[in-house]
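Single-structure report; data block below.
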């Protein structure tokens, strides 16, 4: 696999990324570029990111995938990060590494980051596709499920570890900073205007983020073209062949921005 390119931000962070330019000879090159936003403790080398990279190449469309700080090949330690930090990374990547309107494709936590980017940069977002979008997960899936002992450990130590269903030998660290910062970036408790088409793909057998999150978001987002797409039997990762085909079809079918 090719080595990533490194973008050094003005404040010294290093964001690793792979960028594919649009092919000028392709009619699809005139369509918005694509930006993939990974999930919590995930990186740009996952199945969905690589699938989309190949798919974008076949379509002749621009494509960007990158690692948040503390993830993959970017600088920093994972435990030092929080939603606000990773949102800043995504905003810097969008601003420095892309031009023109972009379709944001966010997986799990990346779906939450995509929604925050849409709110912060409405003029740059031509469409949004969430894949098991974990909106407000620090509140919905972490803080509300803490036991009294875990709350005390967070208060005392600033961190706890939670079992990792995908890798039992690598428990997931959760920090007090992550939870407290997440509370400052909630999207389900404040108005959220969508200036673009929004698609929320969610598996109905998702053990990590309830599928009802997608329908809550679809009802909450203020926009003219917002749809939840539920997959019976679908899990959280949605990385099977049929899931990836649906993802590509959903992105391809998004209407392009209307130029004045």
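The values are calculated or read from the model by the stated rules, or taken from the named source; none is laboratory data. Please read these numbers as outputs of a predicted model, since none were measured by experiment. Neighbour counts are summed over all protein chains in view; Cβ atoms, including those assigned to glycine, are modelled from backbone coordinates with ideal geometry.
What to note about this one:
- Number of the exception - residue 86 against (1) part of a helix (DSSP H, G or I); (2) surrounded by fewer than 22 Cβ atoms within 10 Å (Cβ to Cβ): (2)
- Restricting segment 214-225 to residues that are touching a residue at least 24 places away in the same chain (Cβ under 8 Å), more than 17 Å from the chain's Cα centre (by Cα) and not in a loop (DSSP other than H, G, I, E, B) leaves a set whose member that is surrounded by the fewest Cβ atoms within 10 Å (Cβ to Cβ) is 222.
- Failed condition for residue 163, given (1) modelled with pLDDT of 95 or more; (2) farther than 21 Å from residue 37 by Cβ: (1)
- Which numbered condition residue 64 misses (of (1) in contact with a helix residue (DSSP H, G or I) (Cβ under 7 Å, 6 or more places away or on another chain); (2) closer than 26 Å to residue 165 by Cα): (2)
- Residue 189 vs. criteria free of Cβ contacts under 8 Å to residues at least 60 places away in the same chain and either more than 15 Å from residue 111 (Cβ to Cβ) or within 17 Å of the chain's Cα centre (by Cα) (or both): yes
- Residues of segment 77-88 satisfying the condition of being in contact (Cβ under 8 Å) with a residue 12 or more places away in the chain and either farther than 23 Å from residue 138 by Cα or out of contact with any helix residue (DSSP H, G or I) (no Cβ under 9 Å at 6 or more places or on another chain) (or both): 78
- Test: residue 24 is on the phi < 0 side of the Ramachandran plot and modelled with pLDDT of 95 or more: no
- Residues in segment 116-145 that are touching a helix residue (DSSP H, G or I) at 6+ places or on another chain (Cβ under 8 Å) and closer than 19 Å to residue 92 by Cβ: 116, 117, 120, 121, 124, 125, 128.
- Of the numbered criteria (1) outside any loop (DSSP other than H, G, I, E, B); (2) without any contact (Cβ under 8 Å) to a residue 40 or more places away in the chain; (3) buried (at least 21 other Cβ atoms within 10 Å of the Cβ), the one residue 91 fails is (3).
- Selection status of residue 145, more than 30 Å from residue 254 (Cα to Cα), over 19 Å from the mean Cα position of the chain (by Cα) and at pLDDT below 95: yes
- Taken over segment 226-254, the criterion of being touching a residue at least 60 places away in the same chain (Cβ under 8 Å) and either within 12 Å of residue 198 (Cα to Cα) or under 17 Å from the mean Cα position of the chain (by Cα) (or both) is satisfied by 236, 237, 238, 239, 244, 247, 248, 250, 251, 254.
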